[in-house]
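Inspection log for the structure reproduced underneath, given as structure tokens.
Any read-out appearing in this document is the output of simple, stated calculations on the displayed coordinates, not a laboratory observation. Computed from a predicted model, the values in this text were never measured in an experiment. Reconstructed Cβ throughout: ideal geometry from the backbone, glycine too, with neighbour counts over all protein chains shown.
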Amino acid sequence: MAQVILKDVVKNYGDVYAVNHVSLTVEDGEFVALVGPSGCGKTTTLNLVAGLIPMSGGTVSIGDRDVTDLDPKDRDIAMVFQNYALYPQKSVYKNLAFPLQMRKLPKEEIDKRVQAAAKTLDIVHLLERKPRELSGGQQQRVALGRALVREPRAFLMDEPLSNLDAKLRVQMRSEIKRFHQDLNATIIYVTHDQLEAVTMSDKMAVMNGGFLQQYDSPANVFANPVNMFVASFVGSPAMSLVPLTAASKDGRVVLTGPEGWEMPLSDANGRKALSAKSSKVVLGGRHSTIKVHKSQVPGSVPGKVYTVEPTGDVTFAQVFVSGAVVNVSVAPTFQLRPDEPVFLEFDQDRMHLFDGETEMALR
Ligand code: ATP
């Protein structure tokens, strides 16, 4: 397996920059998820690594080779697509063997690799079947097998689970993760599903509008999002963001809501709030860090319950605070009613503050 390095990669179609000066290093054996909303440039980035489309600028190297000008077939990578692209008339065995026959490998070598891949993916008993005689999950495994037999230096996967139903997707998620661990494979995996990225990857590259927003481990992206986009994209329910005003008052920094309520900040948060370009500061909080009270406690902010969603283990609710929606969670025994007034206490050690003008995290 190999390291994959993108340096200052650009792809534009006229004025549309699908990929805008993206640089990132995927270490040997690492599982990296390219994640972001529709149109953010993740598939284009993957296709540039594969060599399926010409680059407008920058370089790609795989292992110690600059592959920028090489054809896809010479890059030593294997792709797995969402539609599997299996040959319907060929048996599973022949589907696996075909890419190796094209490369004119000896028959014994082909058989050895097909059997080994089939064993790894637990599809030995399916080798004589045709793709139409397989379930979605089995077809997905054959598609993985066809990539595996090529013994590539990196696997590129484009939404490989998106055609599967929800339950199978969760199952295949852990199978692909296992595949990665067992083979110590370098994998670049495109998904629009932040949960897939968080649960499967060693690192996630969060993209928006062609730009790489943040590239870090899921835990760090979750704990320290660099800006409001990343904060609201990663995590479910999303981090809530409340636009407020910061001001110094009696030697402390307070956040004020448009209705006039005040929330004093800790010294550390106060310093962050004052480092914003202007008095506009956005308060961010994840549901697990916000306490819901029925009456005012010091430092809490007033809100009004909008919706209540019991899920069994936990009840989620949406609360309006100064015109913004705040996601909270409470124990199922804690009764909440729509339109009920409540008070939210944000954990000072785990709250996030963003610059209201630049949308960047205040640190
Ligand atoms: P999705 O999840 O919807 O597949 P994506 O993040 O993979 O989205 P890309 O397919 O990489 O997004 O597209 C990025 C941007 O580039 C989009 O704005 C898209 O419209 C544009 N784009 C992609 N291919 C072309 C093309 N051949 N011509 C013009 N614009 C293109």
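For SER91, put the label point 7 Å out on the Cα→Cβ axis and report which residues of region 123-149 keep their amide N under 20 Å from it. What the label zone holds, given the 20 Å backbone N cut-off, is 123-135, 138-149.
Between the helical axis of 107-120 and the dominant principal axis of the chain, each derived from Cα atoms, what acute angle in degrees is found, rounded to the nearest 10? Compared with the principal axis, the helix lies near 30 degrees. With springs connecting C-alpha atoms under 10 Å apart, model the chain as a Gaussian network and identify which of ALA331, ALA85, ALA33 has the largest mean-square fluctuation. Between ALA331, ALA85, ALA33, it is ALA331 that shows the largest mean-square fluctuation.
Taking every DSSP beta bridge with both residues inside the chain, roughly what % is antiparallel (nearest 5)?
80 percent
Note on the chain: helix-only mean residue ellipticity at 222 nm, from DSSP H runs of 4+ residues weighted -39500 (n - 2.57) and normalised by residue number, equals -7500 deg cm²/dmol.
Between LYS112 and LYS249, what length in nm is gained on full extension when 0.36 nm per residue of separation is reduced by their alpha carbon distance? Walk me through the numbers before you get to the answer.
Working: separation 137, 0.36 × 137 = 49.32 nm, distance 7.45 nm.
That pair, LYS112 and LYS249, stretches by 41.9 nm at full extension.
Modelled spin-label separation between LYS119 and ASP8, with each label point placed 7 Å from Cα along the Cα-to-Cβ direction: 4.8 nm. Modelled label positions at ARG363 and ARG271, each set 7 Å beyond Cα in the direction of Cβ, lie 1.4 nm from each other. Take the Cα of LYS291, step 7 Å toward its Cβ, do the same at HIS21, and the gap between the two points is 4.6 nm. Diagonalising the gyration tensor over the Cα atoms of region 4-233 and scaling each eigenvalue by 5 before taking the square root yields semi-axes of 30, 21, 15 Å, largest first. For region 151-301, the relative contact order is 15 percent, taking Cα pairs closer than 8 Å that sit 6 or more residues apart in sequence and dividing their mean separation by the residue count.
Residues considered: SER232, SER295, SER329. Largest GNM mean-square fluctuation over the chain, using C-alpha springs under 10 Å, is found at SER295.
Given axes a ≥ b ≥ c from the Cα gyration tensor, I'd like to know whether region 1-73 is rounded (a/c under 1.5), prolate (a/b larger than b/c) or oblate.
Oblate, since a/c reaches 1.5 and b/c is not below a/b.
Maximal additional length on extending the GLN171-ARG129 stretch stands at 12.9 nm, based on 0.36 nm per residue less the C-alpha distance.
Of VAL206, VAL26, VAL16, the residue with the greatest mean-square motion in the GNM of the chain, using alpha carbon springs below 10 Å, is VAL16.
Normalised by the residues of the chain, what does the relative contact order come to in percent, with Cα pairs under 8 Å and at least six apart? The value is 16 percent.
Hey, could you get me the Stokes-Einstein D for region 251-363, Kirkwood radius over alpha-carbon pairs, 37 °C and 0.692 mPa s, rounded to whole µm² s⁻¹?
Values: Rh = 14.6 Å.
Result for D is 224 µm²/s.
Count Lys and Arg as plus one, Asp and Glu as minus one, and take only other residues whose Cβ is under 11 Å from that of GLU175; the net charge is then +3.
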